[in-house]
Every structure is written in structure tokens, then in C-alpha cells.
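Contents: one structure, followed by commentary.
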Amino acid sequence: MPYWLDRPDAPAPADPLAGETECDLAVVGGGLSGLWAALQAKEDDPGRDVALVEGAEVAHGASGRNGGFFIHSLTHGLANGRARFPDEVETLERLGRENHREAVATIRRLGIECDLELNGDVVVALEPHEEEWLAEEAAELGRLGNEVELLDRDAIRDEVRSPTFRAGLWQRSDSAVVDPARLCWGLREAVLQLGVRLYERTPVSRIRRRGAGVELDAAGGRVRARQALLATSAFPALVRSVRRRVVPVYDYVLVTEPLSAEQRRSLGWERRQGLSDCANNFHYYRLTADDRVLWGGYDAIYHFANGIGPEREQREASFSLLAQHLLATFPQLEGIRFSHRWGGAIDTCTRFFAFHGTSHGGRVAHTVGHTGLGVGASRFGARVALDLLAGRETEATALRAIRSRPLPFPPEPLRWAGIELTRNRLAAADRHGGRRGLWLRALDRLGLGYDS
Ligand SMILES: Cc1cc2nc3c(=O)[nH]c(=O)nc-3n(C[C@H](O)[C@H](O)[C@H](O)COP(=O)(O)OP(=O)(O)OC[C@H]3O[C@@H](n4cnc5c(N)ncnc54)[C@H](O)[C@@H]3O)c2cc1C
């Protein structure tokens, strides 16, 4: 079980849908995207009758099993945004910071206790070529209005004690770590208080036009809605155009037992920033509120034909690699034991950040494709999807980055072969000083390149 969900005070699931019901807006998916959508829909218009329909339980998907890095970027990092939408990246950065600040203000206003720690995040360089990247990135982030600090070898090792660290880039503003399940449960409680009707254990199998609205077929019943908002992430999409553009990619996480006082002291890490490295196959790690180390990332596993399901959530080979990498980074933790290990599906698209759109004659909107960086961006994506449903033109909806869609993935078996080859070449680039070979350069030219 994911550490975040392994809590005695997790909310009891709401009753599933039984029979037929009607509403103004049906939100499908009870992760952060769906919860932020339901909250903002109600806060925009308290009279709107909103139903939130979740196939399992709130926070069952990525939202309850992520690293809890709550970062302002809307584009999966500055480099990815700049490569794809250079003329809009400044605006996207500003909108990302505004979204982050508004999310933090909302969490505080609603009194959601989710161990929010606004200490920033540090990207560390482990190889010489990565030091250069960090220096370039720091300059650009600073120019775009972020508070950043470049840490040399001594400074980063003073912050966090690892013999592998060569340099660090500390993003001090608009970056936090959070307990993601508690954030979900807090939002769940808030939307219930606002009168949202929540149906859990209610998978939706189909959506179609009906009269002036839409009809959703769900286990146990049917929902008739004026409009619907789909926030189904890596799970099979209910709309064909989305199905071709999202693949589930599994990412794995370990959590240690609580550190002893001596282990805790041996790490330094007094300011408790979220940490990650900047390889293509990167790790992310942080302290939990009860001083465990959460350690995740590196492997990204795609299963043929968009394979997804609970049987994919445990992967011995990935856990064993993660444990080895943790000890290489923090040898002082030799002998540490792990209390939790899990995997989760990431909604990966070919541009590596979310896309939004409408279908069914404008009655249905979707927001999906965060590709592993959606804790903060999910709130923004939900806002965009609500604005699309309302036909509202905003600064965000006017952007090409928001109006456009990523290229679809090819059909199988090409899909699997292309993803495997890309994974293999990304690992090779990490081994060869970051140099991208022919295949990666070809993808870069097609606008499909990945740069973590
Ligand atoms: C291992 C892992 C680590 C990550 N780490 C980070 C991180 O540190 N920082 C970060 O920013 N992002 C991270 N992410 C990504 C982040 O968790 C998500 O982008 C974010 O939580 C938004 O999720 P979501 O609501 O779009 O999707 P989800 O949380 O997956 O929610 C989708 C929900 O829809 C429901 N659903 C799907 N289909 C149907 C249907 N047909 N009917 C009814 N319900 C349905 C599912 O049951 C699920 O609950 C990570 C993801 C994973 C898997």
C-alpha cells in the first residue's frame, strides 16, 4: 500500500451510485484534477449541482501515490516548455507561479492539514555535464522571475550530505512538498461541505450525447449531466482523441522506516527541500513529516497495449535498483529498512505536459497528460477545462500551449517498440555525458524529445 494511503484516519468511501441521477456538471475522476475541478466549479457558482464520480476511491490513482513535489511549473520544467513554446514560456512560468500561490492560499483558507512545507526544491548534478546544465537553468529561471540559488559542491554537501553531489540548483520560490493524500482528502472534505455529490467505487464506462447534455453509463447507474469534465489521467480514456494521446507509464517508489535520530543527523537536510537529480532517468527524494526518506523514480515502465492494473504496482527489479541507488547516494543509511513500496501509472503524452480540450459538441472537457508533474499543475488544468466548458476566453486559453494537443502515439506494436527504444537511448545518453544519439535527436526535431 502506498505510504500516504496507509493511514487509520483515511476517509470511509462514499456510497457508489445506485440508479439514475441528474446534475449540471459531472466530474469523472477523484484525483487532484477532478477534486480541484469540483472545488472551483462550486466556488465559481455555488448554485451549480456538481457530481464527482470516482471509479475506485478518492486519491486511489497517481494523486495518492506520488512524491508530493508541489512545484509551480506547468510545462514539466522550464527546459521542456522553452523547447516547445519559446514565445509563451514567460507567460506559462508566470501563470504557473500564480497558480501555485493561489493553490497554497486555498489550502490555507480551507484549513487543509497536508504537511505543506514551502522549502523549495533542489536539483542536484551528479555528473560534470550536469553542472553546466544547472548553471544555464539557474540563469534562465532567475531571468523569468524565480528566486533561485546555485550551490557549488561544498554548499550542496553542507545542505544535504551525499558524496555523489557535485552541485545543486535550489528553486526557493513557489516550490513545496506536501502529503498528497492528505491534500486530496482535505479537498474531498471541502467539496462535500460545498454540496458536491460524491460517488466512489463507481467506474464510468461510456459517455454520449443525450438531449441538450450528456449521459454517463456507470456501474450501478447512470448520470445525466448538462456538462462533464473528464479527469481520468492514465486510466483508459472515455474519449477516443484522448485515448490515442496518453500512455500509462509506471513509476516506482520506496519509503523507509522512520530514521533514527543518528541517521537523521547524518543527512544534514535541515531545510527539508525536495531533491531530484537531472539525469534523463532521474530520482526524486524527500523527507516525510515523520522523517522517513521517500525515494522514487528512475525506472519508467510501459506495458504493451497500454497495460494498466494493480498487478503492475509491484516490480521487484525496480525496487531493488531504487534501494541500491538510495544507498549509493546516502551510504550512511546502510542497513535501513523499507516500510512501503508501490508503483503508480503516470499519464504520459508526447509533449510531457497536460493538454485540454472539448468533445461532444463542447459539452465535455478533458484535462490529462501531466506526465508525472501534476500535483500543482492539476489545479491549473482543472481551471482551463472549466473555462473551456463555459466558453470563457482567458489569458491561458488563448495560449498555443493550451489550445494545441500533443501528437498521438502510433498504434501497437510500433508504440511499444518506440517507447522501449526511447527508454534505452535516454539511458545511453545518461551514460555518455548527456550526449543525445541519432534517435533522440530525430525525436527532438519532431518535437517529441524528452529532456528531464
Ligand atoms: C509514482 C508517481 C509519482 C509522482 N510524483 C509526482 C510529484 O512528486 N509531483 C508531481 O507534481 N506529480 C507527481 N506525479 C503525478 C501526479 O501524481 C499527478 O499528475 C496528479 O496527482 C494529478 O493526478 P490526476 O488527478 O490527473 O490523476 P489521478 O490521481 O490518477 O486520478 C484519476 C482518477 O480517475 C479515476 N478514474 C479513471 N477512469 C475512471 C472512470 N472511467 N470512471 C471513474 N473514475 C475513473 C481513477 O480511479 C483515479 O482516481 C506522480 C505520479 C506517480 C504515479
| request: Tell me, yes or no, whether region 70-88 has at least one residue that is of a type in the set (F, W, Y), modelled with pLDDT of 95 or more and within 18 Å of A176 (Cβ to Cβ). | output: yes
| Could you say which residue among R197, R208, R172 is closer than 27 Å to F70 by Cβ and touching an Asp or Glu at 6+ places or on another chain (Cβ under 8 Å)? | R172
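Among the residues that make up region 205-216, is at least one of them small (G, A, S) and in contact with a His (Cβ under 8 Å, 6 or more places away or on another chain)?
no
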| request: Being closer than 23 Å to D87 by Cα and assigned to a loop (DSSP other than H, G, I, E, B) is the filter here, so list the residues in region 393-411 that pass it. | output: E393, T394, E395, A396, T397, A398, L399, S404, R405, P406, L407
| Where residues in region 344-380 are part of a strand (DSSP E or B) and either near the ligand (Cβ under 8 Å from one of its atoms) or under 14 Å from the mean Cα position of the chain (by Cα) (or both), which of them is nearest to R265 (Cα to Cα)? | G344
| Which residues, taken from region 198-213, are within 14 Å of the ligand (Cβ to nearest atom) and closer than 20 Å to D45 by Cα? | L198
| query | Got a sec? Which strands (runs of 3 or more DSSP E) wholly within region 164-211 have at least 1 residues that are more than 21 Å from the chain's Cα centre (by Cα) and more than 15 Å from I107 (Cβ to Cβ)? | reply | 167-171, 197-199, 204-210
| message | I'm told E113 meets every condition in (1) modelled with pLDDT of 95 or more; (2) crowded, with 20+ Cβ neighbours inside 10 Å except one. Can you identify the failing condition by its number? | response | (2)
| message | Among the residues of region 324-338, what is the count of those that are within 16 Å of the ligand (Cβ to nearest atom) and not in a strand (DSSP E or B)? | response | 2
| field | Extreme residue, farthest from the ligand (Cβ to nearest atom), among residues of region 240-258 that are within 24 Å of E412 (Cβ to Cβ) and of a type in the set (A, V, I, L, M, F, W, C) | value | V247
| field | Scope region 9-38; condition surrounded by fewer than 23 Cβ atoms within 10 Å (Cβ to Cβ), within 15 Å of the ligand (Cβ to nearest atom) and either farther than 18 Å from A218 by Cα or free of Cβ contacts under 8 Å to residues at least 24 places away in the same chain (or both); matching residues | value | A10, P11
| Contacts under 6 angstrom Cβ, first residue in region 326-350 being under 24 Å from L373 (Cβ atoms), partner part of a helix (DSSP H, G or I), 6 or more apart | H340/Y3; R341/F319; G344/A62
| message | For region 179-191, give me each residue that is away from the ligand (no atom under 14 Å from the Cβ) and touching a Leu at 6+ places or on another chain (Cβ under 6 Å). | response | A190
| query | So is R341 more than 9 Å from the ligand (Cβ to nearest atom), in a strand (DSSP E or B), basic (K, R) and more than 25 Å from G447 (Cα to Cα) or not? | reply | yes
| task | Just need a number here: residues in region 217-239 that are surrounded by fewer than 24 Cβ atoms within 10 Å (Cβ to Cβ), more than 9 Å from the ligand (Cβ to nearest atom) and closer than 24 Å to I308 by Cα. | result | 3
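The values are calculated or read from the model by the stated rules, or taken from the named source; none is laboratory data. Remember, it's a predicted structure, so these values are computed and weren't measured experimentally. Glycine also receives a Cβ, built like all others from the backbone with ideal geometry; neighbour counts cover every protein chain displayed.
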